[in-house]
1. At a 1.4 Å probe, what is the % contribution of carbon and sulfur to the accessible area of the stretch 104-229?
2. Please list 69, 106, 220 from largest to smallest accessible area, probe radius 1.4 Å, with all protein chains kept in place.
3. What number comes out for accessible area per residue over the chain if the probe is 1.4 Å? Units Å², please.
4. Given a Förster distance of 22 angstrom, what is the FRET efficiency for residue 156 paired with residue 53, based on the Cβ-Cβ distance and rounded to 0.05?
5. Which three numbers, in whole Å and largest first, are the semi-axes of the equivalent ellipsoid of the chain derived from its Cα gyration tensor as √(5λ)?
6. Dividing the alpha-carbon Rg of the stretch 114-234 by 2.2 N^0.38 Å yields what?
7. Give me the base-10 log of I(q)/I(0) for the stretch 42-85 at each q in 0.32 Å⁻¹, Debye formula, one uniform scatterer per Cα, rounded to two decimals.
8. In whole percent, and with a 1.4 Å probe on the protein chains, what portion of the accessible area of the stretch 40-86 is carbon and sulfur?
Amino acid sequence: MKRRHGTLAFFPMNEAQVRAIELLAQEYDYGWGSLHAHKVADLATSIFDQLSSLGLAAGMTLDDRRTLMAAGYAHDIGASARAQIETSPMPGWIQAFTEPDRHGEMAFYLLHKRISTTSTERLLGTLTPGDRSSLLYCLLWHASPAVYVLDIEPLFDRSSALLLAGILRVADGLDCEHRLRVRDVQIQKASAWLRMLVRHFAPVDEEIARAKEKSDVLSMALGLRVFVQQIVED
């Protein structure tokens, strides 16, 4: 459905816009390559679907799922050599961070800049303000457990952006070594916790440890303890 804001027409996240984000990410080799980006996007949308079926994603829509997929494609673009050049000199708000890597902040800034340049990114310029906000804050928050808001982009829906970022953060952890060893994730829910059971093609000790470490934002978003463990198969 088309939405108007002043004289501009905006559209909820659709397949063409997701594809536009994917092509943009491709320009930066997805940061760490296509295989990792697509694996993370697949894992993230699977987790989203399971949370939705369990009633843990109330109010989330197909637009949000597409936003998460787009974020999966673009989440590492700040790690590319091209991004380093295009964000140099880095804005003051990036320089202020003390994290050893600033890929999330640079991905946020880079995509914010590209989306805002509607003369060259017209399709991305038609994103609704809400979808644009969720996409950018998903990129920003997935990279750090610190949830903060930046003046250059208004935050429209904190709970939705937080859930998407929490999902993406875990999905990225499950392929932290870029080895594509995770087959899939099965989610079980109890009253106070969520268990994520990971099936795999090869040993995934590092991936499980990283996903556990990065489950903090998802736990915050859901108000549940999150456990990540691998399924031991015969």
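1. Reported share for carbon and sulfur atoms: 49 percent.
2. 220, 69, 106
3. So the chain comes to 46 Å² accessible per residue, rounded to a whole number.
4. After rounding, the FRET efficiency stands at 0.30.
5. 28, 20, 16
6. The stretch 114-234 yields a ratio of 1.22.
7. Normalising to I(0) and taking log10 leaves -1.10.
8. Carbon plus sulfur share of accessible area: 54 percent.
The values are calculated or read from the model by the stated rules, or taken from the named source; none is laboratory data. Being a predicted model, the structure only gives us computed values, none of them experimental. No Cβ is skipped: glycine too gets one built from the backbone with ideal geometry, and neighbour counts run over all protein chains shown. The accessibility values were calculated without ligands, DNA or RNA, using every heavy atom of the protein model including side chains. Shrake-Rupley method; radii C 1.70, N 1.55, O 1.52, S 1.80 Å.
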